[in-house]
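Quick notes on the structure that follows.
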Amino acid sequence: MKSKLSIFVLLIPAIFVLTGMTAVTTFAIENSETTLRDKTQIAEAEQLLSELGYMVNDTDGRLDFMSRHAVMAFQKVEGLKRTGVLTSSLLERLREAVTPSPKYQGPAHIEVDITRQVLFMVDENGKVNLIVPVSTGSGERYYDKSTRKWEVASTPRGEYSIQRKINGTRTAPLGQIFYPSYFRGGWAVHGSNSIPPRPASHGCVRVPRGADQRLFKLMPVGMKIYLYD
């Protein structure tokens, strides 16, 4: 009897943890499809992702790690299985897709949709113009060495403003972070080498390393940020 669940071991750059590094990952994919290999189709997908607002570096058909992050973000927004894999059916979905709408209007601002695990940059006209995948607080308990207390890895919900920024790398008590933009105490939007498809941070909003510097420049002190489920 054929199993309904096929298991593949794939050697793909950063396809699951999506760190920008090459990793071997085992996937269990039901009714699996073949990953797109045709450079023309990959370039089309990258172009469509870019036009929809998903952050990609190039539309050259190479499907680099930022393009894979964009694929993951699209899957999150559309409620699809979060694999980071570009397939022919996903390309069809891209051809029919529209840019998502923000939850809030008003001046240019940031939105973090914690349920879908994505960040929206919203312009002054109330249009989403940039989308990146994020990883927020895991909800798990951890021991904070700086406070010597057990804490819960939770991301605040609500309306805040960017309060301060660090233009570069910071070695924080819970690890190294990149280009943090703080919005409440020690909570920040910052670059990370690990952006899994689920909440996994200590509470900050992790963004891909390929997006951190660009987002840093787009988030001035005083800009509003909304975090919601």
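The values are calculated or read from the model by the stated rules, or taken from the named source; none is laboratory data. This is a predicted model, so every value here is computed, not measured. Every residue, glycine among them, receives a Cβ derived from its backbone with ideal geometry; neighbour counts consider all protein chains shown.
Would you pick out the residues in the stretch 82-99 that are of a type in the set (A, V, I, L, M, F, W, C) and surrounded by fewer than 15 Cβ atoms within 10 Å (Cβ to Cβ)? Explain how you work it out, then say what you get.
We begin by selecting, within the stretch 82-99, every residue of a type in the set (A, V, I, L, M, F, W, C); these are 85-86, 90-91, 94, 97-98.
Within the stretch 82-99, Val98 is the sole residue that qualifies.
For Val132, the test of being touching a Leu at 6+ places or on another chain (Cβ under 9 Å) and in contact (Cβ under 8 Å) with a residue 60 or more places away in the chain is passed.
Results for (1) in contact (Cβ under 8 Å) with a residue 40 or more places away in the chain; (2) farther than 20 Å from Tyr182 by Cβ; (3) surrounded by fewer than 17 Cβ atoms within 10 Å (Cβ to Cβ); (4) not basic (Lys, Arg), shown as yes or no for each residue.
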{"position": "Glu44", "(1), (2), (3), (4)": "yes, yes, no, yes"}
{"position": "Ser50", "(1), (2), (3), (4)": "no, yes, yes, yes"}
{"position": "Leu80", "(1), (2), (3), (4)": "no, yes, yes, yes"}
{"position": "Glu111", "(1), (2), (3), (4)": "yes, no, no, yes"}
{"position": "Thr115", "(1), (2), (3), (4)": "yes, yes, yes, yes"}
{"position": "Met121", "(1), (2), (3), (4)": "yes, no, no, yes"}
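Condition check: modelled with pLDDT of 95 or more, on the phi > 0 side of the Ramachandran plot and surrounded by 19 or more Cβ atoms within 10 Å (Cβ to Cβ). Does Gly222 satisfy that? Considered against the rule, which asks whether it is modelled with pLDDT of 95 or more, on the phi > 0 side of the Ramachandran plot and surrounded by 19 or more Cβ atoms within 10 Å (Cβ to Cβ), Gly222 comes out as no.
Take the stretch 59-68 and flag every residue that is out of contact with any helix residue (DSSP H, G or I) (no Cβ under 7 Å at 6 or more places or on another chain) and either under 20 Å from Val207 (Cβ atoms) or without any contact (Cβ under 8 Å) to a residue 12 or more places away in the chain (or both). Within the stretch 59-68, Asp64, Arg68 qualify.
Close contacts from the stretch 180-198, counting a first residue that is within 16 Å of Val118 (Cα to Cα) and free of Cβ contacts under 8 Å to residues at least 40 places away in the same chain and a second that is assigned to a strand (DSSP E or B) and among the hydroxyl-bearing types (Ser, Thr, Tyr), with Cβ to Cβ under 9 Å and a gap of 6+ residues or different chains, come to Ala188/Ser181; Ala188/Tyr182; His190/Tyr179; His190/Ser181; His190/Tyr182; Gly191/Thr169; Gly191/Tyr179. The single condition among (1) surrounded by 22 or more Cβ atoms within 10 Å (Cβ to Cβ); (2) assigned to a strand (DSSP E or B) that Leu130 does not meet is (1). For Ser138, the criteria (1) in contact with a strand residue (DSSP E or B) (Cβ under 7 Å, 6 or more places away or on another chain); (2) within 22 Å of Arg37 (Cα to Cα) hold in every case but one, which is (2). Of everything in the stretch 133-144 that is in a strand (DSSP E or B), under 19 Å from the mean Cα position of the chain (by Cα) and not hydroxyl-bearing (Ser, Thr, Tyr), the residue that is farthest from Tyr104 (Cα to Cα) is Gly137.
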